[in-house]
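Here is the structure we will look at.
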Amino acid sequence: MPRKKTNPGAPTIALPLLPLKDAVVFPKMVVPLFVGRPGSVAAIEHSLEEGAPLFLCTQRESDEENPDAAGMYRVGTAAKIINVLRLPDNSIKVVVEGLGRAHAKSFDFSAIPFVAMVKKVVTRRRTGKQVEGLMRAVLHQFEEYVRLTGRIAPEIFMTIQAMDDPEEFADTICAFLFVAVEERQALLEGLDVVKRLHRISELLMRENELAEIEQRVRNRVREQMERGQREHYLQEQLRVIQQELGTRDDGGNEFTELRAMIEKARMPAEVKTKAEREYQRYERLPLMSPESAVLRGYLEWLCDMPWSKRTRDSINLQAAREVLDADHFGLEKVKERILEFLAVRKLNKKGRGPILCLVGPPGVGKTSLGQSIARAMNRKFARVSLGGIRDEAEIRGHRRTYVGALPGRIVQSIKDVGVLNPVFMLDEIDKMSVDFRGDPSAALLEALDPAQNMNFSDHYLEVGLDLSEVFFITTANSEYNIPAPLQDRMEIVRLPGYTQEEKSQIATLFLIPRQIKECGLKPKHLTFSETGLDALIQRYTREAGVRELERMIANVCRKTARKIVDKTADGPVLLDADTVVQLLGPPPYSETRPEVASEMGVAVGMAWTQAGGETLRIESSVMKGKGNLLLTGQLGEVMKESANAAYTYIRANAAQLGVKTEFYKTQDIHVHVPEGAIPKDGPSAGLAMIASLLSALTNKAPDAAVAMTGEITLRGKVLAVGGVKEKVLAARRAGIHRIILPKDNEKDFPDLPDEIKENMAFSLVETVEEALDAVFAAKSKRRSSRKRIPKKG
């Protein structure tokens with residue numbers, strides 16, 4: 001046995017002794033111990049009271065209940081108590097962590113608790129290539145040990161693999177070696193880490209050889225048993241014995257219960273025929289066979305489907321209108337479409353359900369509108385989010401040949417709501433993807449086709465499901481990301497962004513009361529002034545919807561609630577513009593105001609995005625050069641083509657536009673659209689491009705308070721564009737009050753809110769020349785048809 005090296009300067013201290021049976025605890029090791037002997041329980045109580053470590057020392061004889069000094073090893077581990085659990089039988093479960101090796105000079109078993117006089121043991125630290133090589137060899141053997149025994153979690157091996165301290169490395173592996181107590185004690189007493197690693201390597205080699213032999217024996221026995229045939233034979237014998245003894249109650253009840261479920265389900269004739277055929281197969285199969293469980297699951301799905309269950313529609317148009325108005329502000333087109341459907345339904349009970357696609361920017365209420373529609377029609381509501389789905393089986397289900405097969409999401413949702421005619425929302429239909437597992441949008445073609453969905457086929461059910469009574473509603477941020485065949489089956493209803501006045505109304509009627517209630521406030525605690533609400537809308541949000549606005553209102557309500565709880569609020573809080581800044585800090589957005597100073601080479605365009613409309617500041621600079629046109633700002637191909645078309649138009653009509661005819665030979669032009677990190681594309685910026693280029697070439701500044709949109713041709717025509725309402729709302733948010741639009745977009749004016757028509761001036765143009773007359777205020781306006789749109793009614 002190697003000699004122990006105690007620290008000469010370390011004092012001998014008395015520690016409560018906890019004798020161990022068949023266990024050796026190593027330093028840094030966390031282990032649970034069950035303690036029941038009075039002396040051991042007293043040692044733990046003393047350690048807890050005094051805050052002193054325990055001395056854990058192993059008995060030489062594990063069956064000795066009353067050990068003495070001769071029956072104890074001399075080297076043990078000082079440990080601290082981490083957790084204690086007192087059990088009903090007066091025993092204790094204690095979790096300890098080893099602190100370090102200690103050598104017992106003497107033991108005192110004359111009184112309780114037992115005491116050991118111990119000194120700290122100093123191990124010999126070794127480093128260098130020899131130790132590193134030994135550690136690698138031992139780690140490789142331990143990895144094989146983990147694989148062969150299967151008794152150690154792979155995470156433990158990964159933890160040991162990351163250790164670089166030889167002492168900690170060796171002790172941790174010792175803790176997980178399943179060898180005799182005497183061998184573990186010898187490893188604890190080994191103070192030279194090199195010798196300890198050599199001994200660990202020898203033990204691992206022996207244990208790995210034994211584990212390999214044991215594994216070979218198990219494999220040989222397994223092959224000889226022919227397990228599959230043996231189990232089948234025994235199951236059949238058990239089934240016959242149970243039938244003969246009349247003890248097959250569970251199985252009989254199971255068949256009876258399943259038969260009753262089939263009769264109660266009121267399935268269509270073809271579905272019931274399929275269920276009867278599968279039930280007969282199920283009766284013939286052994287109860288313990290895997291296929292029996294699959295068949296039972298399939299039959300339960302058939303029985304749980306609501307083949308004949310429906311809700312009765314509410315056909316009261318006035319009540320439906322009140323429900324829709326109570327839940328959502330504005331959205332007149334959608335509400336009118338729902339009321340039209342209810343009117344048709346009242347006249348024709350057998351009419352097919354419509355398929356609407358609500359398209360609009362985030363936060364305008366598309367998803368919540370589906371719940372309101374279900375409430376207005378007195379129908380149940382089902383919702384499936386399609387965002388990120390890329391597997392066709394998510395829609396049509398998996399075939400029963402696969403383990404864990406399930407029906408698709410449509411069938412699952414129909415089963416969950418329990419009726420055949422719910423309002424069914426397919427959310428984010430434009431966010432589906434395609435990969436090697438199929439195209440989920442193609443799987444939706446049948447479900448969303450009123451001419452086909454009365455016999456929808458799910459791969460799991462393998463029977464037709466009638467979806468013709470389902471009111472399908474889909475939502476999307478951009479209709480351009482919806483495949484054309486799928487888009488053709490739906491009626492597109494566009495939801496534009498909200499104006500500031502609409503946001504103010506929505507906040508007053510819906511958002512503020514909801515957040516005040518959720519934060520536990522009362523209306524008397526917090527009042528929003530008109531200036532405070534305008535500050536939230538204009539300076540703390542930039543969105544087409546109201547989602548961010550609601551978050552800001554919730555933030556204000558939370559801060560008010562804290563003031564009330566802390567008793568720092570001086571009466572009710574009146575939220576004005578100054579209070580908003582005090583509560584929320586500096587606003588992230590500056591006040592919206594038109595650019596009052598004209599700048600040469602700068603024009604304001606308008607763009608449509610999935611989040612609503614945006615204004616674009618287009619800048620052009622002219623410099624000496626060789627006629628190059630440089631385009632920056634992360635422009636897409638179509639937008640670059642618009643810039644080239646504008647440049648070509650100016651070259652072709654230079655004399656009429658007051659530009660030097662040979663400017664393209666001696667001057668370079670740089671066109672830049674700021675916010676260069678954001679990709680931009682589309683043809684509608686052509687009009688703004690030509691205004692910016694002409695301003696830079698003629699040194700004439702356009703009117704700064706005007707925004708424009710329109711696609712241009714080489715012959716100077718201005719073509720119609722899309723997203724007019726969103727673009728006009730964006731210009732309004734930016735503080736612009738004059739808009740130049742293509743003449744062909746006059747058809748979009750009925751969709752504009754009344755307050756927009758009252759407070760903004762519009763110039764409708766057919767040619768580039770008319771547009772330039774409207775842009776450059778110093779020039780004559782003989783061809784521009786500037787008009788203010790009258791209010792409807």
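The values are calculated or read from the model by the stated rules, or taken from the named source; none is laboratory data. As the structure is a prediction and not an experimental result, all values here were calculated from the model. Positions of Cβ are generated from backbone atoms using ideal geometry, with glycine treated the same way; all protein chains shown enter the neighbour counts. All accessible areas refer to the heavy atoms of the entire protein, side chains included, with ligands and DNA or RNA removed. Shrake-Rupley method; radii C 1.70, N 1.55, O 1.52, S 1.80 Å.
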Here, ARG558 and LYS105, labelled 7 Å along Cα→Cβ, have an inter-label distance in nm of 6.1 nm
Only bridges with both residues in the chain count here: give the DSSP antiparallel percent, nearest 5. 55 percent
By the mean-Cβ-within-10 Å protection proxy, highest first, 458-468, 484-494 rank as 458-468, 484-494
Efficiency of FRET between TYR402 and ASP566 - r from beta-carbon atoms, R0 45 angstrom, step 0.05: 0.15
Would you give the gap between the C-alpha center of the stretch 418-432 and the C-alpha center of the stretch 654-720, rounded to a whole Å? 45 Å
Here D for the stretch 144-183, in µm²/s, from Stokes-Einstein with a Kirkwood Rh over Cα pairs at 37 °C and 0.692 mPa s, works out to 299 µm²/s
Kirkwood Rh over Cα pairs of the stretch 321-374 into Stokes-Einstein at 25 °C, 0.890 mPa s: D in µm²/s? 203 µm²/s
Peptide ranges 270-276, 183-189 listed from the most packed, as the mean C-beta count within 10 angstrom indicates: 183-189, 270-276
In Å, what is the Rg of the alpha-carbon atoms in the stretch 38-140, and how long is Dmax? 17.1, 54
Theoretical gain in end-to-end length, ARG86 to GLU501 [0.36 nm per residue, Cα-Cα removed]: 142.7 nm
Taking N as its residue count, the alpha carbon Rg of the chain over 2.2 N^0.38 Å: 1.45
Using the structure shown, select from LYS503/LYS680; LYS559/LYS725; LYS366/LYS725; LYS333/LYS743; LYS346/LYS366 the pairs with a Cα to Cα distance greater than 29 angstrom. LYS559/LYS725
Expressed as a whole number of Å, what is the distance separating the alpha-carbon centroids of the stretch 479-508 and the stretch 337-392? 13 Å
Between THR661 and GLN161, what FRET efficiency comes out of the Förster formula 1/(1 + (r/R0)^6) with R0 = 56 Å and r the beta carbon distance, rounded to 0.05? 0.15
Segment ARG206-GLU758, length gained on full extension (0.36 nm per residue, minus Cα span): 189.5 nm
Can you give me the % of accessible surface on the chain that is carbon or sulfur? Probe 1.4 Å, all protein chains present, nothing else counted. 51 percent
Quick check: net charge around GLY682, other residues with Cβ under 14 Å of its Cβ, Lys/Arg +1 and Asp/Glu -1? -3
Compute the Kirkwood hydrodynamic radius of the stretch 381-423, taking the inverse of the mean of 1/r over all pairs of distinct Cα atoms, and give it in Å to one decimal. 11.2 Å
Partnerless Cys - the chain, beta-carbon criterion under 4.7 Å: CYS57, CYS174, CYS303, CYS357
From Cα coordinates alone, what are the radius of gyration and Dmax values for the stretch 259-352 in angstrom? 21.8, 62
Checking the table LYS624/LYS660; LYS309/LYS350; LYS264/LYS380; LYS21/LYS120; LYS105/LYS195 against a 18 Å threshold on Cα-Cα, which pairs fail? LYS264/LYS380; LYS21/LYS120; LYS105/LYS195
With the Cα gyration tensor of the stretch 483-602 giving a ≥ b ≥ c as the square roots of its eigenvalues, does the rule (a/c under 1.5 for rounded; else a/b larger than b/c for prolate; else oblate) give rounded, prolate or oblate? oblate
Between LYS309 and GLN452, Cβ-based FRET efficiency (R0 22 Å, step 0.05) works out to 0.45
Size descriptor, Kirkwood hydrodynamic radius, that averages inverse alpha-carbon separations across the stretch 631-766, Å: 15.9 Å
Which net charge results when you count Lys and Arg as +1 and Asp and Glu as -1 among the other residues whose beta-carbon is under 15 Å from that of ALA111? -2
So which GluC sites (Glu not before Pro) in the stretch 631-672 pass both tests, a DSSP loop state and at most 14 other Cβ atoms within 10 Å of the Cβ? GLU662
Among residues other than PHE178 whose Cβ falls under 11 Å from its Cβ, what is the net charge (Lys/Arg +1, Asp/Glu -1)? 0
What distance in nm lies between label points placed 7 Å from Cα along the C-beta direction at ASN316 and VAL434? 4.8 nm
